[in-house]
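The values are calculated or read from the model by the stated rules, or taken from the named source; none is laboratory data. What you are looking at is a predicted structure, and each value in this text was computed from that prediction instead of being measured. Methodologically, a virtual Cβ is constructed for each residue, glycine included, from the backbone with ideal geometry; neighbour enumeration extends over all protein chains shown. Each accessible area value is taken on the protein alone, full model and side chains, heavy atoms only, with ligands, DNA and RNA left out. Shrake-Rupley method; radii C 1.70, N 1.55, O 1.52, S 1.80 Å.
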Amino acid sequence: MSPDRRASEAEGDVNASPLRLEWQRENISPAAAELLQRDAGAFLHQDLSTPCLNALACADGSWIEDTQGRRYLDFHGNMVHQVGYAHPHVVEAVKSQIDELCFAPRRYTNSRAIELAERLAAASPARLSKVLFAPGGSAAIGIALKLARIVTGRHKTVSMWDSFHGASMDACSVGGESGFRWGIGPLLPGSEHVPPPDPLRCPLGCGGSCSMACANYLEYVLDREGDVGAVIAEPIRCTTVAVPPPGYWERVKAACQRHGALLIFDEIPTCLGRTGEMFATAHTGVVPDILVLGKGLGGGVLPLAAVVADARLDVAKPRSIGHYTHEKNPVLCAAGLATLDVIEQEGLAERSKWLGKQTLSEFEQLLKDVRCVREVRGVGLLFGIELDDRAAAERILYRCLSAGLNFKVSMGTVLTLAPPLNIAQDDLSHAVQIVCDAIRQG
């Protein structure tokens, strides 16, 4: 399989795509093209980013604007924009904190860091009350993996094929997307993988009648390996919006307890109201041992991630498991606190729940008789429209981009749509119409 095909299995629109190049020829001005050329000359090239698609001049609310003044509703946002871009409360909190205290070196604390840790612990599921911050999701995954090793004395992990946990070496070792693993040599030892609980892609022969074979498979691996320290997984697969069958996580949690493994939930993209609950964990019926948060925690302004762990796992006192330069950065924590303020004061988790149900129903009604649509899925304000053809998915992506809507394609055939949680209803309805019109064109 070619590298381009491997990457497209994860995202769907690789840099060398003919449709992408055609879109650029039709939409990029000479001035923007010059910026893109400079960018390509300055940055290491990697698929799905550099060379870039376009150049931005502004990001505000639910919209991004390119250097030519064209505006796009952003339903991609790298999942950082739960409260939209440049929310006034977040921006003001960051500016004020810079004036008050801009940094805290190692061995010093500050009120902002303490308050954010306390608020995350208070909002998290029962027993999860000990926190560490990190400058990004991959680093937070590394902290969770190290903590699991220290607690259990074991280094092996079980995770899911097709999952994504970050791009660093340790994170992509436990991740399952081929575009981040292919051709880079030995990965973290002890990283075992099992089929994901994805009813539409089940490789274990369940078809339309789920027999929970994927949960049995996972426990079989735990049993045969005998020394697994942690199972790490996304409670809901964010890119394909794959929701495990009822009872799956209860079976996995029980298997972890029987075999002495910790359960780590990666909610880096799905936390903070995205799925209609403050944490996607609420949909699973279980409480993990470690919860990893990120992306939207920085309010769409600054990079910030967190590990929230069961208090009984606070046993690494003589070790350094995080120790990042910006571990208790007051400016980052001010952004996190302001983000929590907005989510709570504007009721965004609850809004995501009811508006998501309404929008999912609208998608289903508008697309019910479209032959190329295999399935429409949604949890809160996170939607996946599964098509039956890779080429059609890419055509629809660029057709929507030309109409003023930005989103991503996952696994080649899933249109993944994640609007800000405070998007105006008129804007959301407009985006739904753009997508459905584009799909109907084929």
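Modelled this way, with points 7 Å down the Cα-to-C-beta line, the labels at THR109 and TRP161 are 4.6 nm from one another.
In the chain, helical runs assigned H by DSSP with n ≥ 4 each contribute -39500 (n - 2.57); averaged across all residues and rounded to the nearest 500, the mean residue ellipticity at 222 nm is -12500 deg cm²/dmol. One way to sum up the overall shape of region 400-442 is the equivalent ellipsoid from its Cα gyration tensor, whose semi-axes run 18, 14, 8 Å, largest first.
Using the Cα coordinates of region 307-442, the gyration tensor eigenvalues translate into equivalent-ellipsoid semi-axes of 37, 19, 15 Å, sorted from longest to shortest. The convex hull defined by the C-alpha atoms of region 150-221 has an orientation-averaged projected area of 5.7 nm². Positive end of the dipole of the chain (Cβ unit charges, origin at the Cα centre): among SER49, THR416, ILE268, the Cα lying farthest that way belongs to ILE268.
Using the average count of surrounding beta-carbon atoms within 10 Å as a protection proxy, the listed peptides 434-442, 156-164 rank, highest first, as 156-164, 434-442.
In a DSSP loop and with at most 15 other Cβ atoms within 10 Å, the trypsin sites (Lys or Arg not before Pro) in region 363-419 are LYS368, ARG371.
Distance from the C-alpha centroid of region 424-441 to that of region 60-89: 17 Å, rounded to the whole angstrom. Surface composition of region 217-322: carbon plus sulfur atoms contribute 50% of the solvent-accessible area (1.4 Å probe, protein chains only, all chains present). What separates the Cα centres of region 131-209 and region 266-336 is a distance of 17 Å. Under the classification rounded if a/c is under 1.5, otherwise prolate if a/b is larger than b/c and oblate if not, where does region 145-300 fall, given a ≥ b ≥ c as square roots of the Cα gyration tensor eigenvalues? Here region 145-300 falls in the rounded category. In a simple Cβ point-charge model (Lys, Arg +1; Asp, Glu -1; nothing else charged), region 109-235 has a dipole of about 360 debye relative to its Cα centre. With K and R counted +1 and D and E -1, the other residues having a Cβ less than 11 Å from that of VAL221 yield a net charge of -2.
Pull up the cross-link candidates among the lysines for LYS146, meaning alpha carbon to alpha carbon under 16 Å and not fewer than 8 places away within one chain. Qualifying lysines at Cα under 16 Å: LYS130, LYS156, LYS317. Taking the chain as a Gaussian network of alpha-carbon nodes connected by springs under 10 Å, the highest mean-square fluctuation of the residues GLU394, GLU22, GLU364 belongs to GLU22.
Beta-bridge orientation, the chain: approximately 65 percent antiparallel, per DSSP, counting only bridges with both partners inside.
A Cβ-based charge dipole, computed about the Cα centre of region 314-384 with Lys and Arg at +1 and Asp and Glu at -1, lands at about 320 debye.
Evaluated with a Cβ-only charge set (Lys, Arg +1; Asp, Glu -1), the chain carries a dipole of roughly 1000 debye about its Cα centre, given to the nearest 20.
When nucleic acids and ligands are ignored and a 1.4 Å probe is applied, ASP60 ends up with an accessible area of around 90 Å².
Nonpolar atom fraction for region 163-206, defined as the carbon and sulfur part of the 1.4 Å probe accessible area, stands at 63 percent.
Across the alpha-carbon set of region 381-421, the Rg to Rh ratio works out to 0.96, Rh being the Kirkwood radius.
Note on exposure: MET79, MET169 ranked by accessible area (1.4 Å probe, complete protein assembly) read MET169, MET79, with the most exposed listed first.
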